[in-house]
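Each remark here refers to the structure printed beneath this line.
The values are calculated or read from the model by the stated rules, or taken from the named source; none is laboratory data. Predicted model, so just to flag it, every value in this text is computed and none were measured. Using ideal geometry, Cβ is built from the backbone for each residue, glycine included, and neighbour counts are taken over all protein chains shown. To get the accessible areas, we keep the full protein, side chains included, count just its heavy atoms, and leave off ligands, DNA and RNA. Shrake-Rupley method; radii C 1.70, N 1.55, O 1.52, S 1.80 Å.
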Amino acid sequence: MEGNFWSLAPWGRGLGEGYFQYSDMNLHIAAQINSFLAALVLLTAFGMLVQKRVYGLIHLFAWQGVFLSLNTAIVGFVAGKHHLYISSVLTLSLKVVLLPYILHVLINRLRIRKEVETIVNIPMTMMIGIALVIFSYHLTAPVRELSNLVTRSTLAVALAVVMIGLLMMITRKHAVTQIIGFLALENGLFFAATSATYGMPLVVELGVALDVLIAAFIFGIFFFHIHTTFDTLDVDQMARLKEGD
Amino acid sequence: MTASLLTVASWAVLLLLFTGFVSLLLHRRQGLMITVCFSIACVASALAIFAGFYSVSSGSTSQVIIAVGLPDLPFHLRLDPLAGFFMTVVGLLSLIVSVYSFGYVRHISAKRPVTRLVIFYALFLAGMLMVVLADDALFFLISWEVMAAASYFLVMFEDERVENRRAALLYMVVAHVGAIAILLSFGIMSGLATGFEGFHGYTFDAMRQAQFPPQWATAAFLLAFFGFGAKAGIIPLHVWLPEAHPVAPSNISALMSGVMLKTAIYGMVRVAFDLIRTFPWWWGALVLIVGLLSAVMGVLFALMQNDLKRLLAYSSVENIGIILIGIGLAMIFTSFQMPLLAGLALIAGLYHVLNHAMFKGLLFMGAGAVIHATHERNMERMGGLIHVLPWTSALFLVGCVSISGLPPFNGFASEWLTFQAFLLSPSLPSPLMKLLIPMGAALLALTAALSAACFVKAFGITFLGHWRGPHNPHIHEVNLPMRLGMIMAAILCLVLGILPTIMIDWMDKVPEQLVGTSIGQTAGAFGWMWLTPVAREHASYSGPIVFLVILSVIVVAWLLLHVRKGSIRRVPLWDCGFEKVTVRMQYTSTSFAMPIRRIFGFMFTIREQVRLDPRAAHRLFPGTIHYYLRVRDRFQVWLYRPLITASFRISRLVGRLQQGRIQAYLIYSFVTIIILLMFMR
C-alpha cells in the first residue's frame with residue numbers, strides 16, 4: 001500500500017540529484033519560499049471559493065498564476081532544471097495574461113453583471129474546503145515520508161487545490177465560474193507536477209499548456225452558444241436537455 | 001489438386017465480393033445490373049459447388065495462410081471434407097436462388113431500385129462461404145458478422161414498413177447476443193490452447209491440438225451451442241425467425257432458411273467434433289433434447305400460422321430440430337465409442353442439412369412466386385391458385401411432399417436415416433439412455449406426421465379450393481427464370497430422394513474425418529439400388545424401386561381415368577343440401593388447424609373470442625358474428641416479455657443518474673475520486 005507512485009514514474013528517479021550541488025542553506029531557503037508560495041496558492045484557491053464577483057474571481061485566478069509561475073521558476077533554479085524556466089514563462093503568459101484577458105473580453109461581450117450564484121452557501125463551502133485540505137494532508141503523508149525532494153511538503157497543497165477547483169465547479173451555477181474552477185483545477189495539477197517531481201518533461205508541459213489554451217477557446221465558443229440558446233449562462237438551464245421518459 | 005480446390009473456393013468468394021462493386025457501377029442501369037450480377041453469382045456458386053464437391057469426394061484437406069488481417073494475426077483458410085460439404089450445400093442453393101433471382105429481382109426493380117439488394121446479396125453469399133472456409137477464430141467471426149450484417153440489410157430491404165424494421169432489429173439483437181457467446185467460446189478455447197497472454201491460440205489448428213480441462217470444455221461448448229443455436233433458431237431462441245423471414249424478399253428468405261441456418265449447424269459440428277473432440281455423453285443428450293423440442297414445437301407453431309412465409313419459417317425451426325437430433329445422436333454414440341452408429345447419425349443429420357436446403361429453398365421460392373402473383377401473404381385470402389399458377393403449384397407440391405418426409409422425395413431419405421439411428425440406440429450401454437431414446441423416436445414420428453398435416457394445410461389452403469380474396473385479381477404464372485430456379489430445386493429433391501446411396505457414398509468422408517469411421521461400406525453393400533444403413537436384415541430402402549412403383553401407380557391411374565371417354569364429368573359441386581355454397585364456406589387455414597389447436601392448446605397462449613352483434617333481435621338469431629383468435633408463442637409470453645420488462649425497468653433506474661445538471665455529474669466524479677483515494681491509498 002505504501003507504493004510510492006512518484007518513484008515509479010519515469011521521471012521520478014535521478015532528478016533529485018540536482019539540488020545536492022547547492023548548500024544546505026540554499027535548500028533551506030528554497031524550501032521556505034516554496035512553502036510560502038504554496039500557502040499563497042492555497043489562499044487564492046480559498047479566495048476563489050468565497051469570491052462572489054466574477055471580476056474578482058478572474059483577478060484571483062491571475063494571482064494564482066503569478067504564484068505558480070514564481071514557484072516554478074524557483075524550483076527550476078534550485079533543482080537546476082532549466083526547462084522549468086520555460087514552463088514558468090508559459091504559465092505567466094498564459095494564465096496570468098492571456099486567459100484572464102480572454103475571460104474579461106467574454107464577460108464584457110456577454111454583459112455579465114450579475115454576482116455569482118452558489119448552490120451551497122459560502123461558509124459551508126469553506127468548511128468543505130478545509131476538510132478537503134486536511135484530507136489531502138492525510139493522503140499525501142506516505143508520499144512525504146518516502147520522498148526526498150525539497151518540495152515534498154507542498155504536494156498536499158497541490159492536491160488540495162485540485163480538489164477545491166473541483167468543489168468550485170460543483171458549487172457554482174454559472175458557466176464562467178465553472179470554467180475558472182476548471183482552470184484552477186489545472187493549476188493544482190501543474191503545481192503537483194512541479195512540487196512532486198520537479199516538473200514534467202517539457203514536451204508534456206507544452207502540450208498541457210496548449211490544451212488549456214484550446215479548452216479556453218472552446219469554452220468561449222460554447223459560452224456564446226449557451227448564451228444565445230438559453231439567454232443566460234446559468235447551467236441549471238441545461239437540465240431542460242435531459243431526456244424524459 | 002487439393003491446393004487448387006481451395007484456390008477455386010477463394011475465387012468464388014472474390015467473385016462475389018467483386019459483384020458488390022459491379023452492382024455499384026451499374027446502379028443507373030438496373031436491368032443490366034441484375035443480369036450481370038446474378039450471372040457472376042451463378043458462376044461463383046458453381047465454383048463453390050465444384051470446390052466443395054471435390055474436396056469431399058477426394059477427402060482431402062488443404063490449408064493456406066493469407067497475409068490479410070490484423071498485424072501478426074493473418075487469416076487462415078482451410079478446405080476439408082466438412083467444410084467442403086457445407087460449401088456444396090451453400091453453393092447449390094445459391095446457384096438455384098441466383099437463377100430464380102434473375103426473374104424475382106427484376107419484378108422488384110419495377111417498383112424500386114435494387115442496387116442495395118444486389119450488393120448485400122453478393123456479400124451475404126460471400127460471408128457464408130467465408131464462414132465455411134475460415135480456419136481461425138478471427139476470420140471466422142469476421143465472416144460471421146459479414147454474413148449477419150448483410151442479411152440484416154436484406155431483411156431491412158423494404159424499410160418503409162415498421163414491421164420490417166422491427167423484425168430486422170430483433171434479428172440483429174439475437175444475432176449479436178449469439179455472436180457474443182461464440183466469441184466467448186472461442187476466447188476460452190484459444191486461451192486454453194496457448195495461454196491467455198498471447199493471441200496465438202486463435203487458429204483452429206491450435207485449438208485442435210489442445211487438451212481442454214473438462215469444465216472449461218463444457219463452458220466453451222455450451223457457449224458455442226447457445227451462440228450458434230441463436231442463429232439456427234433452436235427453441236427458445238427462435239423468435240427472430242418468424243419475424244425476419246416473412247418480411248425479407250423471398251429469394252433472401254430461401255437463402256436464410258435454406259443455408260444461413262446451416263452455417264450455424266456447421267459451427268456446432270466444427271466446435272464439438274473437430275475442435276473439442278472428446279466430450280461426455282450428456283452434451284449429446286442436451287443437443288438431442290433441444291432438437292426434439294425444436295422439432296415438435298416448431299411444427300406445432302407452424303401449423304397455427306396463416307401467413308405462408310411465417311409457416312415456412314416455423315417449419316425451419318422444426319427441420320433444424322431434426323438435424324440437431326441427428327447431430328445429438330452422433331455425439332452420444334461418439335462418447336460411448338460406437339463410431340459406426342455415430343457415423344450413421346451424423347450422415348443422417350448432414351443429409352437432412354442438404355435436403356432441407358433444397359426443399360425449403362424450393363418452398364420459399366414457391367411462396368415468393370405466390371406472393372408476387374397475388375400480392376398477398378395471408379393464406380386465408382388465397383385458394384384455387386392451382387388453376388392460375390400450374391407450374392408454381394406443381395413445384396410447391398414437390399416441396400410439400402419432400403418436407404413431409406414422403407417417399408420417393410429426399411425428406412424421406414434423411415428422416416428415415418434418423419429413425420434408423422434412433423432404432424439402433426438400444427445397443428447403448430446406459431440403461432437410462434435406452435429408455436429415453438425410444439421416446440425421442442416417438443416424438444420424431446409425431447413431428448413427421450404433424451409436418452405432413454402442416455403442409456397439407458399449406459398446399460391445400462393456398463392452391464386448392466376457390467379464391468377467397470375479396471376481389472378477383474389478375475393472377476398469372478411467374479416468369480421463366482423463377483420457374484427455372486424452382487424446377488432445378490425440385491429435380492434435386494427428387495434425385496436426392498431416389499439416389500441416397502450415391503450421395504451417402506459421397507458424403508462418407510465427413511464422418512471419416514470427424515468420428516473416424518465410414519458407413520459407405522455397409523450402406524452401399526448391396527449396390528446403388530439399396531440403402532442398408534447397418535445390415536440388410538435390419539432395414540433397407542430402395543429409392544429407385546419405390547420411385548418406379550409410385551410412378552407406375554400414377555401412370556396406371558391416369559390411364560384408367562383418361563382412356564375411356566366420359567369417365568371424367570364436370571358437374572356442379574354437391575352442396576349437402578344447402579341452398580348455396582359460397583367460397584367463404586371452404587376450409588380455412590384456421591379451421592384446418594383447429595383440431596390440433598385443441599389437442600395441443602397447452603403449448604400456446606390462445607385468445608379466442610366470439611362476439612355477437614349486440615343489435616340483433618335475439619341472442620339466437622344474431623346478424624353477424626365476430627370471431628377473434630390470436631395464437632401466440634408461449635415463449636414470447638413467458639420468457640421474452642419478462643426479459644423485456646426487466647431490461648426496461650433497469651434502464652429506467654439507471655436513467656435516474658441522468659439529472660441533466662452538470663453539478664450532479666461533477667459530484668459523481670468527485671465522490672468517486674474521494675472514495676478511490678480513501679481506499680486505494
_Relative contact order [Cα under 8 Å, 6+ residues apart], chain B, whole percent_ = 11 percent
*Rank by packing, highest mean first: peptides B:91-101, B:476-486, with packing defined as the count of other Cβ atoms within 10 Å averaged across residues.*
B:91-101, B:476-486
_Students often check this: by mean Cβ neighbours within 10 Å, which of B:459-465, B:120-126 ranks highest, and how do the rest follow?_
B:120-126, B:459-465
*Take the alpha carbon atoms of segment B:389-422, find their center, do the same for segment B:110-169, and report the distance between the two centers in whole angstrom.*
29 Å
*Spin-label point model (7 Å from Cα, Cβ direction): what's the B:N378 to B:R208 distance in nm?*
5.4 nm
*So what does B:R381 come to for accessible area, using a 1.4 Å probe and Å² rounded to 10?*
100 Å²
_Residue (of B:L450, B:L561, B:L417) at the positive-pole extreme of segment B:300-569, dipole from beta-carbon charges_ = B:L561
*Name the residues whose placed amide hydrogens come within less than 5 Å of the amide hydrogen of B:D307, ignoring near sequence neighbours (fewer than 5 apart) on the same chain.*
B:M379
_Selection from A:L68, A:P100, A:Y137, by position along the positive dipole direction of segment A:19-238 (Cβ)_ = A:P100
*Hey, can you rank A:177-190, B:585-598, B:242-255, B:428-441 by average C-beta count inside 10 Å, highest first?*
B:242-255, A:177-190, B:585-598, B:428-441
*asked:* Take B:I502 and A:Y85, extend 7 Å from each Cα along the Cα→Cβ direction, and tell me the distance between the two endpoints in nm.
replied: 9.5 nm
*Added length on full extension, which subtracts the Cα-Cα distance from 0.36 nm per residue, B:L184 to B:R615*: 148.9 nm
*From other protein chains only, count the Cβ atoms within 10 Å of every residue's Cβ in A:167-176, then give the mean.*
3
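Dipole size in debye (nearest 20) for the protein assembly as shown around its Cα centre, Lys and Arg Cβ +1, Asp and Glu Cβ -1?
2900 debye
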*Taking a temperature of 4 °C and a viscosity of 1.567 mPa s, what whole-number D in µm²/s does Stokes-Einstein yield for segment A:144-220 with Rh from Kirkwood over alpha carbon pairs?*
97 µm²/s
*Shielding by other protein chains, B:498-506, mean Cβ within 10 Å*: 0
*Full-stretch length increase - B:M603, B:L480 - with 0.36 nm per residue and alpha-carbon distance subtracted*: 40.0 nm
*Using every Cα-Cα pair within the protein assembly as shown, state what percent have a distance larger than 55 Å.*
37 percent
_Size of segment B:300-569 as Cα extents on the principal axes (Å, biggest first)_ = 63, 41, 33
*For segment B:589-634 and segment A:66-83, compute the distance between their C-alpha centroids and round to whole Å.*
89 Å
*Tell me, what is the FRET efficiency for B:W638 and A:Y55 to the nearest 0.05, using R0 = 45 angstrom and their Cβ-Cβ distance as r?*
0.10
*Could you size up the charge dipole of segment A:19-238 around its Cα centre, putting +1 on the beta carbon of Lys and Arg and -1 on that of Asp and Glu, and report it in debye to the nearest 20?*
340 debye
_Principal axis dimensions, chain B - Cα atoms, whole angstrom, descending_ = 95, 76, 63
*How many Å² of accessible area per residue for the protein assembly as shown, probe 1.4 Å?*
44 Å²
*asked:* Excluding ligands, DNA and RNA, what is the accessible area buried between chains A and B, summed over both sides, using a 1.4 Å probe, to the nearest 100 Å²?
replied: 1700 Å²
_I'd like the mean, over residues of B:278-286, of how many other protein chain beta carbons sit within 10 Å of each residue's own Cβ._
0
*Any idea how far apart A:N108 and A:I33 come out in nm if each label point goes 7 Å out from Cα toward Cβ?*
3.5 nm
*asked:* Below 8 Å, C-alpha to C-alpha, sequence gap of six or more: please give me the relative contact order for segment A:19-238 in percent.
replied: 23 percent
*Which entries in B:K111/B:K457; B:K309/B:K360; B:K231/B:K457; B:K111/B:K231; B:K434/B:K509; B:K231/B:K434 show an alpha-carbon gap greater than 20 Å?*
B:K111/B:K457; B:K231/B:K457; B:K111/B:K231; B:K434/B:K509; B:K231/B:K434
*FRET E, pair B:V68, B:E160, Förster distance 30 Å, beta-carbon r, rounded to 0.05*: 0.20
*Got a number for carbon plus sulfur as a percent of segment B:388-540's accessible area, 1.4 Å probe?*
71 percent
*Which length gain, in nm to one decimal place, applies between B:A445 and B:S651 when the Cα-Cα distance is subtracted from 0.36 nm times their residue separation?*
69.6 nm
*Can you tell me the alpha carbon radius of gyration of segment B:552-681 divided by the globular rule-of-thumb value 2.2 N^0.38 Å?*
2.38
*So what is the calculated 222 nm ellipticity per residue for chain B, using -39500 (n - 2.57) for each DSSP H run with n of 4 or more, over all residues, to the nearest 500 deg cm²/dmol?*
-22500 deg cm²/dmol
*Quote the FRET efficiency, to the nearest 0.05, computed for A:Y137 versus B:V671 with a Förster distance R0 of 22 Å and r equal to the Cβ-Cβ distance.*
0.65
